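Asker: If you scroll down you'll find the structure; I have some questions about it.
What follows draws every value from the coordinates through simple rules; no lab data is involved. Values in this document were obtained by computation on a predicted structure and should not be read as measured data. Neighbour counts are summed over all protein chains in view; Cβ atoms, including those assigned to glycine, are modelled from backbone coordinates with ideal geometry.
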Amino acid sequence: MNHKKIAALFTCSLVSAGINAAVLPTVQTDSDWYKNGAQRVADKTQITTKQQAKNVILFVGDGMGISTLTAARIYAGQQLEGNQGGEEHFLSFEHFDNTALVKTYNTNQQTPDSAGTMTAMVTGVKSKAGVLSVSDTSLRGNCLSSQGNELTTLVDLANAKGLSTGVVSTARITHATPAATYARSPERNWEADSNLTDEAMSNGCSDIAKQLVMRDKDNALTVALGGGRRNFIPSDVTDGENQSGRRDDGIDLTQAWIENFDNAAYVWNKTDFDAIDVDSTDHLLGLFNSSHMEYEADRADDVGGEPSLTEMTAKAIEMLSKNDQGYLLIVESGRIDHAHHGGNAKRALIDTVEFSNAVSAAVTATSDDDTLIMVTADHSHVFTIAGYPKRGNPILGLVHGVDGSLSTASDGLPYTTLGYTNGPGAVVGSRDDLSSVDTEATDFQQQALIATSSETHAGEDISLHATGPGAHLAQGVMEQNVIFHIINQAQMLGGTKY
Ligand SMILES: [Zn+2]
């Protein structure tokens, strides 16, 4: 059937139903849904496109799949005074004009890990799970096989162009995602020299912490902020929070940072972080925890005191903005992933909201005219929003239907909206009755189907949100390594050879 015939049929059926297709009733056009939708499209027609970006900020929410965005958006919305249920809320970067879906698989894994995914984003090529910025011709955990297969990262390219560079994470700064930006290693677990195998040592592979600090001056990071202090200090040294180091070579890399770079500073707690004079500091290393930094939900309880992801992002931008030529900043919210692995949705959502706040701070501190901001994830988690909860039902609560009554499953028991396919919250035998359990408690683990000690990553696409010059390149469904090429193109880093 041709299009004209279909259109004629459609018109006929509308007329027979007594509806004039050309005139919309006021019940429709007066609706806020209608007006807001029309405004959104009208705004889109006004967007102009700039190609070149002076600065680029890449935000990565580790494990921040699309269901995490939806749940975190509702969670944040439900905290707001006068909300309409929470579902209408947007996370800061969900207002960005450009969005794409991103395929995350590694070259050897259908469901990926963070090392391979971040390698794709910062080098432009996909690689294996577990390896950092070496090509997939390397074998994981084999030093010799990685030699000659090292890849150049966005950080190397930006430094070579004279830009300033920074890496921020709430995980250990030597953990897979941040590490892929500055280190090359066939094994993500080689965070300190004590993690190296005999083969790695004899073939001259260097640990990840050392690769962050022992760099040429002209390829140094301007800012590195995160956790993982233990990988930078000797094993016989105890840090300010009473934890010992993991280095067997006796080198104090925090001291080496100060000696290696001009006007360099090292801080390990919030008081010293706050006191940093940005004007007189050109290289800032901040290591705020022995291992990962605290979840945002627990940050106030930290022994030495930690800055938030928002505070670290704002300080990094201040430091990097001193370079008139521009900068590249990579910010990871590293613990959304860890909370999900623990089957613990509340901490994952609170960290996602803090991540959204950090993006918001970056938007405020920069100009849409010269700064490309991209927000994405490395991979998803097996996390779902389920049942038919009524509008405004607490996102961490038990499902209540539209009539307000408690919904029950086939076993006659209530269930939470949020759940996992696998993980430590898995039900063995019959389900616990959650009727009198506080499912909104910080430590509550959502029920899951398959028992695994750690909940796992998921294999579906994640999202990419972009604003600023070059943001229009974030479109469609793309492979994850395209993110490198968007930044390379927008910032003219010179990494293109065709
Ligand atoms: Zn993970």
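Asker: Express in whole angstrom the spacing between the alpha-carbon centres of segment 391-414 and segment 169-238.
Answerer: About 47 Å separates the Cα centre of segment 391-414 from the one of segment 169-238.
Asker: Need one word for segment 428-477: rounded, prolate or oblate. Basis is the Cα gyration tensor (sqrt eigenvalues a ≥ b ≥ c); a/c below 1.5 gives rounded, then a/b vs b/c decides.
Answerer: Because a/c hits 1.5 or more and a/b exceeds b/c, segment 428-477 counts as prolate.
Asker: Give me D for the chain in µm² s⁻¹, whole number, from Stokes-Einstein with Rh from the Kirkwood sum over alpha-carbon pairs, 10 °C and 1.306 mPa s.
Answerer: It diffuses with D of about 66 µm²/s by this estimate.
Asker: Which of the lysines could a cross-linker bridge to Lys35, judged by Cα under 27 Å and excluding same-chain residues fewer than eight apart?
Answerer: Lys44, Lys390
Asker: Nearest 500 deg cm²/dmol is fine: what mean residue ellipticity at 222 nm does the chain get from its DSSP H runs of n ≥ 4 alone, each adding -39,500 (n - 2.57), divided by its residue count?
Answerer: -8500 deg cm²/dmol
Asker: What residue among Gly37, Asn242, Asn260 has its Cα farthest toward the positive end of the dipole of the chain, where the charges are +1 on Lys, Arg and -1 on Asp, Glu, each on the Cβ?
Answerer: The residue sitting farthest along the positive end of the dipole is Gly37.
Asker: Using the Cα centre as the reference, give the magnitude of the dipole from point charges on the C-beta atoms of the chain (Lys, Arg: +1; Asp, Glu: -1; all else neutral), rounded to the nearest 20 debye.
Answerer: The calculated dipole for the chain is roughly 1960 debye.
Asker: Oh, and also: Sort 426-433, 378-385, 472-479, 263-270 by the packing proxy (mean of other Cβ within 10 Å over each peptide's residues), most packed first.
Answerer: The most tightly packed comes first, giving 378-385, 263-270, 472-479, 426-433.
Asker: With a ≥ b ≥ c taken as the square roots of the eigenvalues of the C-alpha gyration tensor of segment 41-142, please select rounded if a/c is under 1.5 and otherwise prolate if a/b is larger than b/c or oblate if it is not?
Answerer: Note, shape of segment 41-142 comes out oblate.
Asker: Now for a separate question. Lys322: which lysines have alpha carbons under 20 Å from its alpha carbon, excluding same-chain residues fewer than 8 sequence positions away?
Answerer: Leaving aside lysines fewer than 8 places away in the same chain, those within reach of Lys322 are Lys54, Lys161, Lys217.
Asker: Work out which helices of the chain, taken as complete DSSP H runs, extend at least 24 Å along their axis over the Cα atoms and score a mean Kyte-Doolittle of -1.0 or more, then list them. Kindly include the intermediate steps, with their values, before the conclusion.
Answerer: Working: long enough: 345-365 (30 Å, 0.60).
Helices meeting the span and hydropathy rule in the chain are 345-365.
Asker: Using Cα centres only, tell me the gap between segment 296-331 and segment 360-382 in whole Å.
Answerer: Taking the Cα centre of each part, segment 296-331 and segment 360-382 sit 14 Å apart.
Asker: If a/c stays under 1.5 just call it rounded; otherwise compare a/b with b/c (prolate if a/b is bigger, oblate if not). Do that for segment 155-288, with a ≥ b ≥ c from the square roots of the Cα gyration tensor eigenvalues. Display every interim value, and only then the final one.
Answerer: On the way: a/c = 1.78, a/b = 1.18, b/c = 1.52.
Oblate, because a/c is 1.5 or more while a/b does not exceed b/c.
Asker: Turning to a different aspect of this structure: Viscosity 0.692 mPa s, temperature 37 °C: what is the translational diffusion coefficient of segment 243-299 from Stokes-Einstein with a Kirkwood Rh over Cα pairs, rounded to a whole number of µm²/s? All intermediate terms of the calculation are to be shown ahead of the outcome.
Answerer: Details: Rh = 12.9 Å.
The diffusion coefficient I find is 255 µm²/s.
Asker: Cross-link candidates for Lys50: which aspartates and glutamates have Cα within less than 18 Å, leaving aside residues fewer than 8 places away along the same chain?
Answerer: Straight-line reach from Lys50, under 18 Å: Asp97, Asp368, Asp369, Asp370.
Asker: Mind listing the long-range amide H neighbours of Arg172? Cut-off is under 5 Å, sequence gap 5 or more, other chains count too, H placed in the peptide plane at 1.01 Å from N.
Answerer: Those lying under 5 Å, H to H, from Arg172 are Gly227, His292, Met293.
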